[in-house]
Amino acid sequence: MMERVILVSVRLKSETFNEESLEELRRLTHTAGAEVANTFRVRVSAFQAAALIGRGKIEEIAQEVRLTKAQAVIFDDEISPAQQKNLEKVIPAKIIDRTRLILDIFAQRARTQEGKLQVELAQLKYLLPRLGGQGTTLMQQKGGIGLRGPGETKLEYDKRRLRLRISKLEKEIEQVKKERSLRRQRRGQIPLPQIAIVGYTNAGKSTLLNALTHQNAVYADDKLFATLDPTTRRVRMPAGGEMLFTDTVGFIQKLPHSLVSSFRATLEETTFADVILHVQDASSPHRKEQAATVRQILTELGAQHTPVLEVFNKVDLLSPVRRAWLEKQNPAALFVSAQKGFHLRQLLEQVEEAAAYRWKYKRLILPAEKLHLLGKIYEKALVTNRQEKPSGALELNLMATDGNYASLQKLLKTH
């Protein structure tokens, strides 16, 4: 049986409600496995330090909890430990904020050891200040929606032991980062351009990677944060050869800073890419705001100077009029449907063109007496085509960085 929850959005009287954020909270709740019983839009003259909202509205929410038998009340913004404690004195349900909800979803979705470590670290850092003087009392509560996370697995920790656990996790994650760096270096030695697929959660990134690889390389679902752990696959390109495409964690509004920090190793994939595919849900009424969120986080990661291709996905869900308008407003964007396979070849051709700023198209003649160097060439360049000449020489069409091409020319001269 699904848990029933009540959502609460609080805004100053001078502000308008962010309906997009509230709708996103509903989807997050659904993703976590709960059902929304009711939604409160609360206007206040000033945010209350003690409990965020006034006593009258708290009583009203408490009454609704009793009527609907809701197990949790979820606030759209982060609430302080003191506010949570005061709200729980009146409201007979778990008090959860947006940050805690996202952390619970991440706990469900993490698959790799690295992802699990990152999630646990973020959860414990979130919970530590909420222990207050209660020792482990808070830790003995059920862990958010669906009973996941440290709430059920770390009951034995008091504050001191929590800090020790956090310290241990940070060391383990640092080791994982070193291992990831080594893997990235090894991947960097492979002469293949690297493409990062980024975008707002549920924009269709995983579906796109599956379509490009013609296999179910990544779990894809119509839920927020369907995949958390980055997945890299080789994709055959139209001009020949392959490139490495990496699916990354989806972005979201108000992404908790603890997660931006904890998942930096995951998101760092974007900073090492030769090209970034910014996948957007063309059918979403909030596409522009979502795209702005992604661009802001890319800037925070230091990836703003990497070539970006804007990819409008799910065009099969658009009316002809809407699509024509979007195409007119965004002439440089690529319009595709990963689900239906529309225009994916054109997308790959654009990727090749964008990657050529660094991986430049070159032509190389390998004399017959130097054919033994062919393996070395494949180690440093992406060979797209080879043709044997009557003389026995090989004419190679390839993509290589300036540095790789210079080392190839030196290799041919010295051997």
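Worth pointing out:
- Against the numbered list (1) touching a residue at least 12 places away in the same chain (Cβ under 8 Å); (2) in a helix (DSSP H, G or I); (3) under 17 Å from TYR126 (Cβ atoms); (4) among the acidic types (Asp, Glu), GLU64 comes up short only at (3).
- Just one of the numbered conditions (1) closer than 30 Å to ILE173 by Cα; (2) within 22 Å of the chain's Cα centre (by Cα) is not true of GLU23: (1).
- Criterion (at pLDDT 90 or above and either farther than 23 Å from ALA107 by Cβ or aliphatic (A, V, I, L, M) (or both)) met by exactly one of ALA196, ALA217: ALA196
- Single residue of the range 78-106 satisfying the filter (within 19 Å of ARG4 (Cα to Cα) and acidic (Asp, Glu)) that is most open to solvent (accessible area, probe 1.4 Å): GLU88
- If you go through the range 293-302 and keep only what is open to solvent by less than 50 Å² (accessible area, probe 1.4 Å) and within 21 Å of ASN18 (Cβ to Cβ), you end up with THR293, VAL294, ILE297.
- Those residues of the range 17-37 which are outside any helix (DSSP H, G or I) and out of contact with any Lys or Arg (no Cβ under 9 Å at 6 or more places or on another chain), in sequence order: GLY33
- Residue that is least open to solvent (accessible area, probe 1.4 Å), among those in the range 271-292 that are part of a helix (DSSP H, G or I) and of a type in the set (D, E, K, R): ARG287
- Sole residue being of a type in the set (A, V, I, L, M), touching an Asp or Glu at 6+ places or on another chain (Cβ under 7 Å) and closer than 19 Å to LEU12 by Cβ, chosen from ILE79, ILE58, ILE53: ILE79
- Matching residues in the range 31-79 - criterion: being of a type in the set (D, E, K, R) and under 31 Å from the mean Cα position of the chain (by Cα): GLU35, ARG41, ASP76, ASP77, GLU78
- Of all the criteria given as (1) modelled with pLDDT under 95; (2) closer than 29 Å to VAL308 by Cβ, the one not satisfied by LEU348 is (1).
- Inside the range 21-42, residues that are in contact (Cβ under 8 Å) with a residue 40 or more places away in the chain and in contact with a helix residue (DSSP H, G or I) (Cβ under 6 Å, 6 or more places away or on another chain) make up a count of 5.
- Residues that are basic (Lys, Arg) and either on the phi > 0 side of the Ramachandran plot or open to solvent by less than 10 Å² (accessible area, probe 1.4 Å) (or both) do not occur anywhere in the range 33-46.
The values are calculated or read from the model by the stated rules, or taken from the named source; none is laboratory data. It should be emphasised that the depicted structure is a prediction, and the values quoted were computed from it without experimental measurement. Cβ sites come from the backbone with ideal geometry, for glycine too, and all protein chains shown count toward neighbours. Surface accessibility is based on the protein's heavy atoms, side chains included, excluding ligands, DNA and RNA. Shrake-Rupley method; radii C 1.70, N 1.55, O 1.52, S 1.80 Å.
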